[in-house]
Structure formats: structure tokens, C-alpha cells
1. Taking the Cβ-Cβ separation of Val46 and Thr94 as r and a Förster radius of 30 Å, what is the calculated FRET efficiency to the nearest 0.05?
2. Which of the cysteines in the chain are isolated, no other cysteine C-beta under 4.7 Å?
3. For a Förster distance of 45 Å, can you work out the FRET efficiency between the beta-carbons of Thr113 and Thr27, rounded to the nearest 0.05?
4. How large is ³J(HN,Hα) for each residue in region 66-72, as worked out from phi by the Karplus curve 6.51 cos²θ - 1.76 cosθ + 1.60 (θ = phi - 60°), to whole Hz, x for Gly and Pro?
5. Counting every Cα pair in the chain, what percent are over 32 Å apart?
6. Calculate, for the chain, the solvent-accessible area per residue in square angstrom, rolling a 1.4 angstrom probe over the heavy atoms of the protein chains.
7. Could you look at region 1-86 and say what percent of its accessible area is carbon and sulfur, using a 1.4 Å probe and all protein chains?
8. Remind me, what semi-axes does region 140-188 give for its equivalent ellipsoid, largest first in whole Å, using sqrt of 5 times each Cα gyration tensor eigenvalue?
Amino acid sequence: GGTSYTWQPGGLTGSPSVSPSTTTTYTVTAVNANGCSNTATQTIVVNPLPTVSASANPSAICIGGSSVLSATGGTSYTWQPGGLTGSPSVSPSTTTTYTVTAVNANGCSNTATQTIVVNPLPTVSASANPSAICIGGSSVLSATGGTSYTWHPGGLTGSPSVSPSTTTTYTVTAVNANGCSNTATQTIVVNPLP
């Protein structure tokens, strides 16, 4: 409507780019070729960013395990790395920090982060003393690498003494301080009596 324009607040001229931090009404004064002026107003509504919260259930897993990521504060969520959406189940192989971008109903976005700690499996070693017995004899099973041990067959715990009647392979499940588990095997050879 004019040949020159001045905007308030700010004393800006022409067609300026503005970034108000709160909803602001701008008044433009337009001057035409005759030097006459008039005004108009334009309000820019500033919508708030979403307040985003991220979580993982569980936040610590063992290698090979999975966790479900979730977030609040928006209407849609995208997670990186991976470009996953919503509340995805993830199985990272190493400790990973995920960043979620949440978008609210106004189209405004904000981010939050959630770290999933990936704990290693125990390195388990099994042994028997002795590893070969005669029928009627016994052997003590033992294992290293964990904080607790369960042996199968039998559901035995710790370092049990066993007396198998035939050659038997025992599998031990060791659990470490992080609750992660791994297995190892030990065979006890049972020799016949003469």
C-alpha cells in the first residue's frame, strides 16, 4: 500500500525478518508517493516449544537384550540414531545415547536424550575335579566369571559335588553383578568298573 515501510517495535524497514520471543503485534507505517502515511498491524503468535521428557525401560540391558524408548511432551516422536518413531524397542550392542525430537500440536519441536547402558555378558569358564571318575565316584563342579552359578542337569548351585552314573555334560549358567548371564559346559567322564 505504500512506497516505504517502517515497523515498530524495532524501527525496522522494508520487509524484515523478525524472531520475537513472545507473541508480538507489529505496527507498520506506510508512506506513499505523495508523502501521505497510514498504519496497519500484524500479530505474530509465538507458540511454546514442547517440554520433552525421555525414558527407557529398562535403561540398562545386557548384550543381546532390548529396551523400549518412550517420551512425553509432544504428539509425535522421532528417535536418532535410527530414525525410529513412536515408542520403539531397541537392542543396541554398545552403550548408546538416543535423542528424541518431539513435535507438539502447534508444529513446534524440542529434544531430549536417553542413554541405554549395555552391560557385557560374563566370560564363563567351567571345570570339574576330577573330570573323569569311576562309577560310584564323585566330582566337584566349579565355575568362574560370575557371582552366582546354576548347573544343569539338576538345578544345582555354587560348586556342587556330583556323582553321575554315566558320562554327563553339565551346563553352568553364570550371572554377574549386572544381572547378565552366560553359559559354559563341562563333561564328566564316568568309567566302568573292571
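The values are calculated or read from the model by the stated rules, or taken from the named source; none is laboratory data. Only a predicted model underlies this, so the values are computations on that prediction, with no experimental measurement involved. For neighbour counting, all protein chains shown are included, and Cβ atoms are generated from backbone atoms with ideal geometry for every residue, glycine included. Each accessible area value is taken on the protein alone, full model and side chains, heavy atoms only, with ligands, DNA and RNA left out. Shrake-Rupley method; radii C 1.70, N 1.55, O 1.52, S 1.80 Å.
1. Working from the Cβ atoms, E equals 0.15.
2. Lone cysteines by the Cβ rule: Cys36, Cys108, Cys134.
3. Calculated value: 0.60.
4. With coefficients 6.51, -1.76 and 1.60, one gets 9, 9, 9, 7, 8, 8, 10 Hz.
5. Working: 10479 of 18721 pairs.
For the chain, the fraction of Cα-Cα distances above 32 Å is 56 percent.
6. On the way: 10830 Å² over 194 residues.
It amounts to 56 Å² per residue over the chain.
7. Details: 2770 of 5300 Å².
Here carbon and sulfur together make up 52 percent of the probe-accessible area.
8. Numbers: eigenvalues 83, 18, 13 Å².
Semi-axes from the Cα gyration tensor: 20, 10, 8 Å.
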